[in-house]
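Here's the structure, in structure tokens; my notes come after.
The values are calculated or read from the model by the stated rules, or taken from the named source; none is laboratory data. As the structure is a computational prediction, the values presented were derived from the model and not from experiment. Here the Cβ positions follow ideal geometry from the backbone for every residue, glycine too, while neighbour counts run over all protein chains shown. The protein model used for the area step is the full one, side chains on, heavy atoms only, and it has no ligands, DNA or RNA in it. Shrake-Rupley method; radii C 1.70, N 1.55, O 1.52, S 1.80 Å.
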Amino acid sequence: MIALMKFFRGFLLVQVNGFSPERFLNLCSNKGIELWNMTPVNGGCSFCLSVQAFRELRPLLRKSGTRIKILRKYGLPFLLFRYRKRKMLFGGIAVAVCLMVWLSGFIWNIDVVGNTAYSKEAILDYLMEAGVSSGSRIKEIDCDQLETALRTDLGEISWVSVSIDGTKMTVELSESRNVGK
């Protein structure tokens, strides 16, 4: 979660060289500036820090006699800046996400499990007469009412369960077995 927050805010990989990089690190520690992924480099060190912390470094650099160099920029603000002229790309991504969210509100697959006396097509035809088919809105489907209707209208069914998981509706049923036959 912390890495995700750092990505959304943006952070920098920097290298510090100069007269006294140790003093610079001590000043950062006293100031409460968070540094991570610190590695020694000849004559100094490299580390990551937030963009906000980078803005607070100028007086510390001057005081310790060190120089800072940005090696790499990471995060969403820099990514958005790099692709700022590609507005249609971001518009297309936004439209695709909205379309996916909207389409997830429909049933796209109906699975029938446990049927022997009634064929899958017969149960799907009954569901279609009841107003449930592939492409039906999930909010408009009442599973309890559909279970009751299947049990009462189809006499061979003794138990039925209708469940919706994502965009898939599963109809599990158990058919009564007449022992006298």
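Listed values, structure above:
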quantity	calculated
Carbon + sulfur, % of accessible area of the chain - ligands and nucleic acids excluded, 1.4 Å	56 percent
Added length on full extension, which subtracts the Cα-Cα distance from 0.36 nm per residue, Ala3 to Phe54	16.6 nm
Inter-site label distance for Thr116 and Ser133 at 7 Å from Cα along Cβ, in nm	3.1 nm
Among the listed pairs Lys6/Lys63; Lys87/Lys168; Lys120/Lys168; Lys87/Lys139; Lys6/Lys168, those beyond 26 Å (Cα-Cα)	Lys6/Lys63; Lys87/Lys168; Lys87/Lys139; Lys6/Lys168
Förster radius 45 Å - calculated FRET efficiency between Ser163 and Asn30, Cβ distance, rounded to 0.05	0.15
Extension gain, Val97 back to Val41 (0.36 nm per residue minus Cα-Cα distance, nm)	15.8 nm
Angle in degrees between helix 143-153 and the longest Cα principal axis of the chain, rounded to the nearest 10	20 degrees
Entry for P(r) over Cα pairs in 5 Å bins from 0, in percent (calculated from the structure that is shown) out of [x] 1, 7, 12, 13, 12, 9, 7, 7, 7, 7, 7, 5, 3, 1, 0, 0; [y] 1, 7, 13, 14, 13, 12, 10, 9, 8, 6, 4, 2, 1, 0, 0; [z] 1, 7, 12, 12, 8, 6, 5, 5, 5, 6, 6, 6, 6, 6, 5, 4, 2, 1, 0, 0	[z]
Å² of accessible area per residue within region 1-146, as computed with a 1.4 Å probe and no ligands counted	70 Å²
Full-extension gain in nm, Asn109 to Leu71, via 0.36 nm per residue minus C-alpha separation	8.6 nm
Helix-only [θ]222 nm of the chain, DSSP H runs n ≥ 4, -39500 (n - 2.57) each, per residue, nearest 500	-12000 deg cm²/dmol
